[in-house]
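A short reminder: the numbers here are calculations on the coordinates, not readings from a lab. Everything numeric in this text was worked out from a predicted model, so none of it was measured. Using ideal geometry, Cβ is built from the backbone for each residue, glycine included, and neighbour counts are taken over all protein chains shown.
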Amino acid sequence: MNPVTEVPRRLTILGSTGSIGTNTLDVIAQLGGRDSFEILALTGNGNIDLLAAQARATGARLAVTADESQYIALKDALSGSGVDVAAGRTGLDEAARLDADWVMAAIVGTAGLAPTLAAAARGADIALANKECLVSAGDLFVQAVRDGGGRLIPVDSEHSAIFQCLDDHQRHALERIVLTASGGPFRAFSREQMAGVTAHTARTHPNWSMGLKISIGSASMFNKALEMIEAKHLFDVRPDQIEVIVHPQSIVHSMVGYTDGSVIAQLGSPDMRTAIGYALTYPQRPSLNVERLDFAKLARLDFEAPDEVRFPALRLARTALTRGGLQGAVMNAAEETAFTAFVEERIGFLDMADIVETVMDGLCGIGAASTIADVFAADDEARRQALDAIATRRSA
Ligand code: NDP
């Protein structure tokens, strides 16, 4: 029996082999593992050995690799285990549709949107780590969760913090939400210094241990930009109610300000397991083996205004929020495309923001989405224009 919720819960982890996925499995193990939870499906992409080991260890019903070319390898790795195996988009869909009552959405990028929507539509509680669901599909995604009847529980540490600080009875008195940002490894760099950085240096985060995409997004502050858009949809606030403050220690995970001047903050060690545990046991709090804050040792907490000249991603997020409609989807798709080009050393670090801005401006007249198909169409067009912008830059 689960020590926290007192009911066995059936779980699926989309993206179990990533940073969030492995931390989720650690939290599950801390809370009783197979005695407390039944794992229905685990999904990964290229890390077949880890996926197979996770599936065996947890006794998962189904293991899915998103990469169809890895199907045989996964099948071989799980032979004799009793775990079903599937691959590709249909495999992810199958995983999402198993009747788990809690689904961790931790696939990186837009690839996470379709399976998370499928899980939401059938009424699962969605623990949302994947940012792209909200950034790209926005209100359509929120509505899909609402229509399905499940709950949407944020996992991103900033949004989890705000979720924890928000008092539903005081929503009328909510004035602002304040997202904290570490500033990443280049917080003190000039633009000239940033122009020469590589993906290897950009992925080394000072406080958090995370996947490649989010680490580089932290360095460019595109991660914070996506979080601003995510926050708008999650908490139904106006763009002018969303603030960003740089807080290099990553101890204050975010804050909520009320009309009486009060600010409520959530603090903790930079460890995603706290937010994951909260999402897993909400509205309870689990007992977790994570590092406790020692305030005497910490001694100080620093805050500084973000520099939107050195980090234009924040300005671009405000533009996307002001324009509304599908600009979030456009920004996200252009950023994913530019990120890949940067990692593959086809463009420089500062080129990423230029390319995103070019694509956003090119598609500034794009309207709102009526259906998810509109989101995918905007995503496709933004990727196409981003590739054009990258090619133009390389030939210049
Ligand atoms: P990782 O890169 O560590 O893991 C990504 C997961 O998605 C892996 O399981 C990976 O499989 C899988 N995956 C990769 N490509 C595809 C694809 N095309 N189709 C299906 N699955 C795929 O990412 P993180 O765990 O860091 O982040 C996951 C999400 O959570 C992101 O959206 C991120 O922004 C968000 N997030 C992460 C935080 C963190 O601390 N890491 C904090 C807050 C939010 P494989 O490994 O087998 O290739």
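Given R₀ = 25 Å, FRET efficiency for residue 90-residue 30 by Cβ-Cβ distance, to 0.05?
The value I calculate is 0.15.
The magnitude of the dipole of the chain, with charges of +1 and -1 set on the Cβ of Lys/Arg and Asp/Glu and taken from the Cα centre, is near 380 debye.
Give me the net charge for the shell around residue 74: Cβ to Cβ below 10 angstrom, other residues only, Lys and Arg +1, Asp and Glu -1. Write out the running numbers ahead of the final one.
Numbers: positive: 75; negative: 49, 67, 76.
Here the charged neighbours net out to -2.
Please identify the DSSP H helices in the chain that span no less than 18 Å along the helix axis (Cα) and have a mean Kyte-Doolittle hydropathy of -0.5 or more. Qualifying helices: 132-148, 222-235, 327-343, 372-395. Between residue 69 and residue 394, the distance separating the two model label sites (each 7 Å from Cα on the Cα→Cβ line) works out to 1.9 nm. Sorting 286-297, 154-165 by average packing, meaning the other beta carbons within 10 Å per residue, from highest down gives 154-165, 286-297.
By the scheme Lys and Arg +1, Asp and Glu -1, what is the net charge of all other residues having a beta-carbon under 12 Å from that of residue 255?
Details: positive: 176; negative: 158, 175, 243.
Neighbour charge sum, excluding residue 255 itself: -2.
Within the shell of other residues whose beta carbon sits under 11 angstrom from the beta carbon of residue 276, the net charge comes to -2, with Lys and Arg scored +1 and Asp and Glu -1. With both residues required to sit in the chain, DSSP beta bridges show an antiparallel share near 25%.
Decide, for the range 312-396, between rounded, prolate and oblate: order the square roots of the alpha carbon gyration tensor eigenvalues as a ≥ b ≥ c, take rounded if a/c falls under 1.5, and otherwise choose prolate if a/b is larger than b/c, else oblate.
Values: a/c = 2.17, a/b = 1.60, b/c = 1.36.
It is prolate, given that a/c is not under 1.5 and a/b is the larger ratio.
Please work out how many pairs of lysine residues in the chain are eight or more positions apart (or on different chains) and have Cα atoms closer than 21 angstrom.
Working: 131/213; 131/224; 131/232; 213/224; 224/232.
Lysine pairs meeting the criterion: 5.
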